[in-house]
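One structure below.
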Amino acid sequence: MFSKVPGPIGVFDSGYGGLTIFDKIREILPGYDFIYLGDNARAPYGPRSFDVVYRFTRQAVMKLFEEGCQLVILACNTASAKALRTIQQKDLPEWNPERRVLGVIRPTVEIIADITTSGHVGILGTTGTIQSESYGMEIEKIFPHIQVTGEACPMWVPLVENEEYDSPGADYFIEKHVSHILSVDPAIDTLVLGCTHYPLLADKIRQFVPEHVRIFSQGDRVAKSLKEYLLRHPEMDQRLTRQGTSRFLTTEAAEKFSETATIFLHDPIQVEQISID
């Protein structure tokens, strides 16, 4: 269905947050080619149903495959929680069994036991990610002794995308959710930032948690996990092109994406507007 010619690594998110993952991946794999796709016109995905998130994510993955990507990273916790498994099990065998789609939840889960000492972990995420209980289910499969508590933080993404993440007005919404999750389980010693926007809020979050509580961002872990994956799968690594290029696609206005992306990447970028529905 799709070309077998070597191509770039695709990175997908419903909006801008996945740029925090993309930035870390590009840093650890600097020679590779990348295409980043943000479905900004239909963001946020967090409040949407499983069926809608799956349909939107499927369309995005197909677009990246059409653009020549051999491997796609869902740099979005909501898409990883609500769409990844179905795409892997249902769609890839029909499209092309040699292509791969990976998410951001599993790499974090695999090392969670090395991060927590108390065995009590908190997940801060969008409504969709928390309602899916994906983190809890994945952690239970590998580390059934770890207790997981989720906290939906629906206002945090708008704070980041409206550049209010470091403003005094952000304090109320951050303290509200951090205080609540720690009151539900005072034994929590690790807070996982289960949304790719949240690393920009890390300094604010730190102000409202005890010193012994660790705040874990996914970017470095996901990037390292991808590098390890390519070492384990040289057949995939050989199908990835290496010219050090990066393309940025959005379903929103290119100018708007370019302007907001500087919050995450700190450098101006060229963006192409596309349609995927």
On average, how much accessible surface per residue is there in the range 113-272, in Å², for a 1.4 Å probe, leaving out ligands, DNA and RNA? 50 Å²
Accessible area of the range 1-89 divided out per residue, in Å², using a probe of 1.4 angstrom: 33 Å²
How high is the relative contact order of the range 13-168, in percent, with contacts defined as C-alpha pairs under 8 Å that are six or more residues apart? 21 percent
In whole Hz, the Karplus estimates of ³J(HN,Hα) for the range 35-40 (6.51, -1.76, 1.60; θ = phi - 60°; x where Gly or Pro) are 10, 9, 10, x, 8, 5
Rg and Dmax of the range 95-204 over Cα atoms: what are they, in angstrom? 15.1, 49
Using θ = phi - 60° and the Karplus curve 6.51 cos²θ - 1.76 cosθ + 1.60, what whole-Hz ³J(HN,Hα) does each residue of the range 250-267 get, with Gly and Pro shown as x? 9, 8, 9, 5, 4, 4, 5, 4, 4, 5, 6, 4, 5, 4, 9, 9, 6, 9
At q = 0.24 Å⁻¹, what base-10 log of I(q)/I(0) does the Debye formula yield for the range 26-118 when every alpha carbon is treated as an equal point scatterer in vacuo? -1.30
What share of all Cα pairs of the range 154-277, in percent, falls into each consecutive 10 Å distance bin? 10, 29, 31, 21, 8
Nearest-10 value in Å² for the accessible area of MET62, using the 1.4 Å probe: 40 Å²
How much length is gained on full extension from GLU255 to PHE208, taking 0.36 nm per residue of separation minus their Cα-Cα distance? 13.4 nm
What list of ³J(HN,Hα) couplings, whole Hz, do you get for the range 6-18 from phi and the Karplus terms 6.51, -1.76, 1.60, once you set θ to phi - 60° and write x for glycine and proline? x, x, x, 8, x, 10, 10, 8, 5, x, 9, x, x
If I ignore ligands, DNA and RNA and count only protein heavy atoms, how much of LYS204 is accessible to a 1.4 Å probe, in Å² to the nearest 10? 20 Å²
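Checking the table LYS24/LYS256; LYS63/LYS176; LYS63/LYS227; LYS141/LYS224 against a 30 Å threshold on Cα-Cα, which pairs fail?
In this structure, LYS63/LYS176 lie more than 30 Å apart at Cα.
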Residues whose placed amide H lies under 5 Å from that of VAL101, excluding near-sequence neighbours: VAL72
List ARG221, ARG58, ordered by accessible area with a 1.4 Å probe, largest first: ARG58, ARG221
Of the heavy-atom accessible surface of the chain (probe 1.4 angstrom), what whole percent is carbon and sulfur? 49 percent
Show that you can apply the helix-only estimate: for the chain, add -39,500 (n - 2.57) for every DSSP H stretch of four or more residues, divide by all residues, and state [θ] at 222 nm to the nearest 500. -12000 deg cm²/dmol
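The values are calculated or read from the model by the stated rules, or taken from the named source; none is laboratory data. All figures in this text were calculated on a predicted structure; none of them were measured in a lab. Protein only, heavy atoms only, side chains kept; ligands, DNA and RNA dropped before computing areas. Shrake-Rupley method; radii C 1.70, N 1.55, O 1.52, S 1.80 Å.
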